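Everything on this sheet refers to the single structure shown next.
The values are calculated or read from the model by the stated rules, or taken from the named source; none is laboratory data. Keep in mind that what you see is a predicted model, and the values were worked out from it rather than measured. Cβ placement follows ideal geometry from the backbone for every residue including glycine, while neighbour counts extend to all protein chains displayed. Please note that ligands, DNA and RNA were not included when accessible areas were found on the heavy atoms of the full protein model with its side chains. Shrake-Rupley method; radii C 1.70, N 1.55, O 1.52, S 1.80 Å.
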Amino acid sequence: MIFDFRFWHYFDRQGELISNLQNIEMRNFNRRLGWILALGVLVFALREIWGMNTASLTPLFAAGMWDEYTLARWTSLAGTLIWAGIYLAFHSYGVAFLFSKLTRMTWRAAIVMQSYVVSVLIIEKALIFVLFAIFGYTTTLSMFSFGPMAATFLEFPNQYVNHFLTYFFNQLTIFTALIIAFQYRYVKSYTEFSPKLILFILIMIHLLVALLIASFSLLPLTDMLKGFIEGGDII
């Protein structure tokens, strides 16, 4: 028997989808995944075209350096598209590969699971972009995360601690919970580990990723890049 993979049909029917993956041949998945990745690249491109993350180019515009500004915007767009490809490919194929190797999940189940994870990430970024476009300005914090709450209520003497915790909680969103729910459902269906252990491990993995991203966010990348280009010290 063969079943057609329909993304929205199975979005809230993951149990049925997992059962089909375990017993029936699937078709039309690669085409659906291709559309998901294409939409993801489009979201990244629209955010860049609208002006998200291009504040550093404003001085060129203000100074009337039109040629330099245009070149910089095109270069920034190209970099964004490259990053979008890497980001989406890693979360689709890279993470699916890790799950298939570290658990007893089949590759087919792992890549289907990650297709929903990537879709959730794309939906989150699209919603944030729409809200920013409506209000006409951007922030470094997501309104779907605990970042704004942390920035409001955390007051440590050391500003680096405040920044670190704000960035850390900014990675924990309502969409993170949905992603964990998807991954938990699949991993539980393909392993014999305790459900509580699976949930604990998944939560710890996402917390660890949040810690790494928060730590990376504190690095003075702009100064390091400037120092590298100018041939000076970067520390």
**Request:** Kindly rank 20-30, 103-113, 123-133 from highest to lowest mean number of other beta carbons found within 10 Å of each residue.
**Result:** 103-113, 123-133, 20-30
**Asked** Rg and Dmax of segment 1-116 over Cα atoms: what are they, in angstrom?
**Response** 19.6, 65
**Asked** Debye sum, Cα scatterers, segment 92-172, no solvent: what log₁₀ I/I(0) at q = 0.12, 0.19 1/Å?
**Response** -0.55, -0.86
**Request:** State, as an integer percentage, the relative contact order of the chain based on alpha-carbon contacts under 8 Å between residues 6 or more apart.
**Result:** 16 percent
**Item:** Cα lying deepest toward the dipole's positive end in the chain, options Val161, Gly85, Ile134, charges on Cβ
**Value:** Gly85
**Request:** Express in Å², to the nearest 10, the accessible area of Asp4 obtained by rolling a 1.4 Å probe over the protein heavy atoms while all chains stay in place.
**Result:** 50 Å²
**Item:** Cα-based shape type of segment 1-46, given that a ≥ b ≥ c are square roots of the gyration tensor eigenvalues and the cut on a/c is 1.5
**Value:** prolate
**Asked** To the nearest 0.05, what FRET efficiency results for Asp4 and Ile123 with a Förster distance of 22 Å applied to their C-beta separation?
**Response** 0.50
**Fill in**
Over the chain, with neighbouring protein chains present, the accessible area per residue in Å² at probe 1.4 Å is 62 Å²
**Prompt:** Kyte-Doolittle mean at least 0.5 and Cα extent at least 18 Å along the axis: which DSSP H helices of the chain qualify?
**Reply:** 29-50, 107-135, 174-190, 195-217
